[in-house]
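Report on the structure given below.
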Amino acid sequence: MKHERQMALLDRMLELRGRSEDQQIYDTVLRLSVDAYTSQEIFERELDTLFSGSPLVAGHVDSVREPGSYMLSDWTRQPYFVVRGEDGVLRAFLNTCRHRGAPLIVREKDEPLRALVCPFHGWTYGLDGALRGIPRSSAFPCIDKRDYGLKACSAAESAGLVWVHPTRHESFDPAQELGAFAEDIAEFRLERYVSYKRVVTEKKANWKLLVQINLEGYHVAHLHKGTLAPNFREGFLSHDAEGPHLRVMAAQTNLPDAENVPEKQRKLIDFVTLFYVLFPNTIVIVRNDTILISRFLPLAPDRTLCSQELLYLPDKYVGESGRKALRNRLLYAEVTMDDEDYMMAERIQANLLNGVNETHMLGLEEGLVMVFQEIVSKRLAARDATTAGNP
Ligand code: FES
Ligand SMILES: [Fe+2]
């Protein structure tokens with residue numbers, strides 16, 4: 001992010017301090033129907049509209065830098081993989097053999113691929129998806145191999161992130177998707193970071209509950225009282241939207257110190273926690289020397305795969321002390337997110353079944369939760385309108 005923009009955002013945060021009414025997005029208490037978290041029908045429409053109909057972040061480019069390196073979609077509902085070809089081109093394919101449908105890659109390994117060999121009968125595909133070989137091919141006398149290449153979906157990389165459009169084949173430009181945030185994110189040069197670890201766990205909660213728990217600071221003093229709370233005494237959030245995407249800033253306790261740092265040396269992320277919600281399901285937290293990419297992959301209204309990857313700047317984490325610091329960083333993220341935020345989301349999800357609350361109440365400090373919900377609802381409504389217009 002450009003220095004001038006960082007300073008403008010920092011000024012905004014400093015001005016907002018203590019003026020709680022200016023931080024409110026809505027001027028009234030809101031109610032959010034819990035159907036959003038339980039309805040199978042809404043869930044199916046979300047999958048159809050939000051997850052199949054637009055590009056999604058597939059991960060960080062560090063996993064696919066070299067020819068033959070690849071990343072497997074963590075998501076069983078959209079099983080694809082992204083692979084870097086010998087020609088340097090990044091491609092995505094559905095992870096399904098064209099013979100009898102076996103998955104070509106079952107789990108990620110460290111060695112780069114030279115070809116894709118189906119584990120069932122050994123059909124072999126090039127990294128460009130072309131069917132190259134059929135064992136005992138005389139058993140398939142009428143097959144033209146050119147017709148049985150892997151099914152491609154479109155992949156693109158931009159500013160260190162890899163995006164996949166799971167159902168389209170035309171190319172797309174992630175920077176265009178991100179509008180003004182594209183330049184913002186590009187300035188952070190996320191491509192310099194390398195992966196420390198990716199952890200995938202299943203959470204028993206709706207995907208939106210997991211996203212939305214990151215969108216209010218009201219819970220920090222209480223739920224995170226033994227962990228994050230001392231760092232967020234200022235507590236408030238401020239956000240900007242770019243299309244459906246959000247940039248969110250959470251004021252850290254040291255925010256007032258920003259005024260004592262000469263402007264040239266001031267950095268936004270020294271005083272606020274900055275993250276992007278890349279619609280619909282990815283959160284990228286940008287810190288000084290690490291980034292954390294969380295992706296929420298819906299399995300059912302009450303089940304979501306949560307993929308979290310910690311990346312770091314290699315020159316800032318050197319040797320055993322660097323490894324130790326990274327271990328601690330990941331542990332801290334696991335404690336504050338998995339054991340506190342996402343555990344709470346699971347408990348709330350379980351409680352939805354008892355029918356006590358037909359709606360969840362959102363106070364004046366929780367407006368961003370509704371902002372996200374409205375983005376989702378508007379997308380679903382727009383899709384419904386289009387479908388109604390095209391019987
Ligand atoms: S299913 Fe892949 S070779 Fe038979
Ligand atoms: Fe939290």
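We did not get these values from a lab; they are worked out from the coordinates using the rules stated. Keep in mind the model is a prediction, meaning the values are calculated, not measured. Glycine gets a Cβ as well: all are built from the backbone with ideal geometry, and neighbour counts include every protein chain shown.
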Listed residues Arg266, Arg146, Arg233, most fluctuating in the chain (Gaussian network, C-alpha, under 10 Å): Arg146
Separation of alpha-carbon centers, the stretch 109-125 and the stretch 252-283, rounded to whole Å: 44
On Cα atoms only, tilt of 319-333 relative to the major axis of the chain in degrees: 70
Summed side-chain charge close to Leu331 - residues other than Leu331 whose Cβ falls under 14 Å, Lys, Arg +1, Asp, Glu -1: +1
Nearest-ten-degree value, helix 343-352 long axis tilted from longest Cα axis of the chain: 90
Coarse-grained scattering of the stretch 323-388 at q = 0.14, 0.22 Å⁻¹, given as base-10 log I(q)/I(0) from a Debye sum over alpha-carbon atoms: -0.72, -1.02
Whole-Hz ³J(HN,Hα) from phi, Karplus 6.51 cos²θ - 1.76 cosθ + 1.60, for the stretch 372-386, glycine and proline x: 5, 4, 5, 4, 4, 4, 5, 4, 5, 5, 5, 5, 4, 5, 5
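Counting helices only, and only those DSSP H runs with n ≥ 4, report the 222 nm mean residue ellipticity of the chain as the sum of -39,500 (n - 2.57) divided by its residues, in deg cm²/dmol to the nearest 500. Intermediate values should be presented prior to the final figure.
Numbers: 11 runs with 100 residues, N = 391.
When only DSSP H runs of four or more count, the value is -7000 deg cm²/dmol.
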Under 23 Å from the Cα of Lys2 - lysines, other chains or at least 8 residues apart: Lys264, Lys267, Lys316
Positive-end extreme of charge dipole, the stretch 269-387 - chosen from Ala345, Ile293, Leu331 (charges on Cβ): Ile293
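How large is the charge dipole for the chain, taken about the Cα centre, if only the Cβ atoms of Lys, Arg (+1) and Asp, Glu (-1) carry charge, to the nearest 20 debye?
Working: 47 positive and 55 negative charges, 293 e Å.
I would put it at about 1400 debye.
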Between the stretch 333-391 and the stretch 161-184, the Cα center-to-center distance that results, in Å: 24
The chain: most fluctuating residue of Lys203, Lys267, Lys225 per GNM, C-alpha cutoff 10 Å: Lys225
Protection proxy ranking, peptides 137-145, 103-111, average beta carbon neighbours within 10 Å, highest first: 103-111, 137-145
Built amide H within the under 5 Å cut-off of Cys153, gap 5+: Ala92, Phe93, Leu94
Isolated Cys residues of the chain, judged by Cβ distance under 4.7 Å to other cysteines: Cys142, Cys153, Cys306
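Compute the signed sum of charges (Lys and Arg +1, Asp and Glu -1) over the other residues within less than 13 Å, Cβ to Cβ, of Glu86.
Working: positive: Arg84, Arg91, Arg114, Arg132; negative: Glu66, Asp87, Asp128.
Here the count lands on +1.
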Dipole axis of the chain (+1 Lys, Arg; -1 Asp, Glu on Cβ), positive-most option in Gly217, Gly363, Leu313: Leu313
Those lysines that a straight Cα-Cα span of less than 26 Å connects to Lys204, excepting residues fewer than 8 apart in one chain: Lys225, Lys378
Simple Cβ-charge dipole of the stretch 1-114, Lys/Arg +1 and Asp/Glu -1, about Cα centre, in debye nearest 20: 400
Selection from Tyr80, Asn281, Ser158 lying farthest towards where the dipole of the chain points positive, charges on Cβ: Tyr80
Computed over the chain, Cα set: Rg, Dmax in Å: 22.5, 78
Within a Gaussian network of the chain (alpha carbon springs, distance under 10 Å), most fluctuating of Tyr276, Tyr148, Tyr125: Tyr148
Intensity falloff of the stretch 56-171 expressed as log10 I(q)/I(0), Debye formula with alpha-carbon point scatterers, at q = 0.11, 0.15, 0.16, 0.21 Å⁻¹: -0.34, -0.62, -0.70, -1.17
Order by protection proxy (mean Cβ within 10 Å, highest first), peptides 53-60, 362-369, 252-259, 380-387: 53-60, 362-369, 252-259, 380-387
